[in-house]
Amino acid sequence: MKTLKVLGLVLSLSGCIYAGNISFWPERDSFVAGLSSYDIDYLDEDGPRLIKTETVTDSNFAPNKMLTAYKGYSIADTKSYTRNYYTQESIVAPKDASFVSGLSPILIEAKKKYDVIGRVEIDDVAYALVPNPDGKDVFLVANDGKPLNRVGIIRSDKLKLLDTKYQITPENFRFEPVTTSKIVQSEMSWGFEIKYAGVKLNRIVFTVMEYDQTNGQSGEFVNYNYPNRPGEIDIRGIKIRVFEANDAKIEYMIVVD
């Protein structure tokens, strides 16, 4: 009989647990919901933030000089790349510090780097948000490096500022900003190369390999031919002044204004 009563009690509790969307900590949830909320301007969550993208064109030739190219050799080439610039905002503690309250102290290690995940504005003051690696809260650091004497938690993409005030030791403690930058350049995405292909039927022949596909991994050959006489020609925007050409070699100049 005693066993049946215990079993009934367990079933009753189970029914309470799974009956609807019930929180086991209603007081805590109400407390968090009542805290002041602030919108967060997040930085990139996947790592360093992309700040600029540019296309870089690299032309490989000596301009305005008398040159000689033999049959099958390159006269000029131009390649384009995509260059991405990234930055990662961080802060570093120049010395040990601690946040002390009636709760367990939060310890800050000297020389340790903390990544900034976003920013908030409280009472017209901008703060960087820095996760506490030893907890679920976040530090708030002003632009001058001074930490706020309160911490926050993030709920539903909002900052909830906790009421607890900390004594920060030493009193003059400041974080120092650290910005890490890097440049990532893609494989060649576009370009062409001009090669001398000799003389056929008294016409100067050039072979151009055009790269115009993703990552420059494919393209096509295009042949250009011109009367075999001194003068200036234009291939893909490159001006070539021909002085003399035969089937073995060409003497020329890349003309750049």
*Can you pull the semi-axes for region 124-252, root of five times each eigenvalue of the Cα gyration tensor, sorted largest first, whole Å?*
70, 16, 11
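Looking at region 173-257, which chymotrypsin sites (Phe, Trp or Tyr not before Pro) are in a loop (DSSP not H, G, I, E or B) and have at most 14 other Cβ atoms within 10 Å?
On the way: sites: Phe173, Phe175, Trp190, Phe192, Tyr196, Phe206, Tyr211, Phe221, Tyr224, Phe243, Tyr252; in loops: Phe173, Phe175.
Of the chymotrypsin sites (Phe, Trp or Tyr not before Pro), not one in the loops of region 173-257 has a Cβ with at most 14 other Cβ atoms within 10 Å.
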*asked:* Among 133-140, 145-152, how do they line up by average Cβ neighbours within 10 Å per residue, starting with the highest?
replied: 145-152, 133-140
*So what are the ³J(HN,Hα) numbers for region 146-157, from phi and the Karplus equation (6.51, -1.76, 1.60; θ = phi - 60°), rounded to whole Hz, Gly and Pro as x?*
6, x, 5, 7, 9, 10, x, 10, 9, 9, 6, 6
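Can you give the FRET efficiency to the nearest 0.05 for Arg83 and Asn132, using r as the Cβ-Cβ distance and R₀ = 35 Å? Working shown, then result.
Details: r = 36 Å, r/R0 = 1.02.
In this case the efficiency is close to 0.45.
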*Once the dipole of region 74-225 is set up with Lys and Arg at +1 and Asp and Glu at -1 on Cβ about the Cα centre, which of Thr78, Asn143, Asn132 lies farthest towards its positive end?*
Thr78
*Return a whole-number percent for the relative contact order of region 148-257, with Cα pairs under 8 Å and 6 or more residues apart as the contact set.*
16 percent
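We did not get these values from a lab; they are worked out from the coordinates using the rules stated. Predicted, not measured: the structure shown is a model, and the values here were computed from it. Backbone-built Cβ (ideal geometry, glycine too); neighbour counts: all protein chains shown.
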